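First up is the structure itself, then whatever we jot down about it.
The values are calculated or read from the model by the stated rules, or taken from the named source; none is laboratory data. Not measured: the values here are computed from a predicted model. Positions of Cβ are generated from backbone atoms using ideal geometry, with glycine treated the same way; all protein chains shown enter the neighbour counts.
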Ligand SMILES: Nc1ncnc2c1ncn2[C@@H]1O[C@H](COP(=O)(O)OP(=O)(O)OP(=O)(O)O)[C@@H](O)[C@H]1O
Ligand SMILES: [Mg+2]
């Protein structure tokens, strides 16, 4: 392996179990949809969006589904680093040159996980991810994979994620415990609500409970679930670091 993903290297670990819980919850919330288009974002930088996308993709692929990761963080693409892929070509080039995205897909060492890397950093990322070509790409890709997982830049600083949120079935928010203020996370949620995004829930990341040296992940349904009531389902699992 050229990379280190906990869901690959330690598939029986409690953290991998946490990703299976997340996988189950996402599947549960969109049970009636054929292809699931899920975007992962966060309020601020470095909260764990990209690593969550990668591990969730592995976890879903382990059920036999095909997953395409689209690295739409054209400002700071990282999926190629996580999966040990080249990034000389990728989404930015496919969009800019109006080329067939299929020519840019890269298989990973994980069966069932394909990545469209971000490609070289373009001068106009928001314009590219908001383009009709991007919408068409998402539409066409969803016909070829069981699940699309879309990695994005942070919500609050730039518009890219809010634009993309309108093209997917649901949004998962990653919240880095202790690193992002409640207000900041709330601002991100409001920005997503404003564009009509369906927030499926949140992953609380980087919770370091000193006493047991545990990471906790938990996932809850947002306020926009089908019953339209505030309903927090806490599927909490603990994971030794
Ligand atoms: N739970 C965790 N435990 C330990 N390290 C973590 C955890 N989550 C993320 N990291 C590390 O923090 C860094 C940032 O993670 P990641 O790249 O996934 O964040 P991001 O939100 O995608 O960042 P960016 O905003 O730059 O795109 C990485 O080095 C990652 O390995
Ligand atoms: Mg990232």
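Miscellaneous remarks
- Positions within segment 193-207 being within 16 Å of ligand 2 (Cβ to nearest atom) and part of a strand (DSSP E or B), in sequence order: 203, 205
- Within segment 79-89, the set of residues being in contact with a helix residue (DSSP H, G or I) (Cβ under 6 Å, 6 or more places away or on another chain), within 14 Å of ligand 2 (Cβ to nearest atom) and under 20 Å from residue 141 (Cα atoms) comprises 87 only.
- Only residues that are in contact (Cβ under 8 Å) with a residue 60 or more places away in the chain and either within 13 Å of ligand 2 (Cβ to nearest atom) or crowded, with 24+ Cβ neighbours inside 10 Å (or both) were counted across segment 50-67, and they come to 7.
- Subset of segment 18-43 that is in a loop (DSSP other than H, G, I, E, B) and either surrounded by 24 or more Cβ atoms within 10 Å (Cβ to Cβ) or at pLDDT 95 or above (or both) - its residue that is nearest to ligand 1 (Cβ to nearest atom): 42
- In segment 119-153, the residues that are in a loop (DSSP other than H, G, I, E, B) and within 17 Å of the chain's Cα centre (by Cα): 145, 146, 152, 153
- Residue satisfying condition, being within 16 Å of ligand 1 (Cβ to nearest atom), touching a strand residue (DSSP E or B) at 6+ places or on another chain (Cβ under 7 Å), within 19 Å of residue 118 (Cα to Cα) and at pLDDT 95 or above, within set 84, 90: 90
- Residue within segment 85-107 that is in contact (Cβ under 8 Å) with a residue 40 or more places away in the chain, part of a loop (DSSP other than H, G, I, E, B) and on the phi > 0 side of the Ramachandran plot present: no
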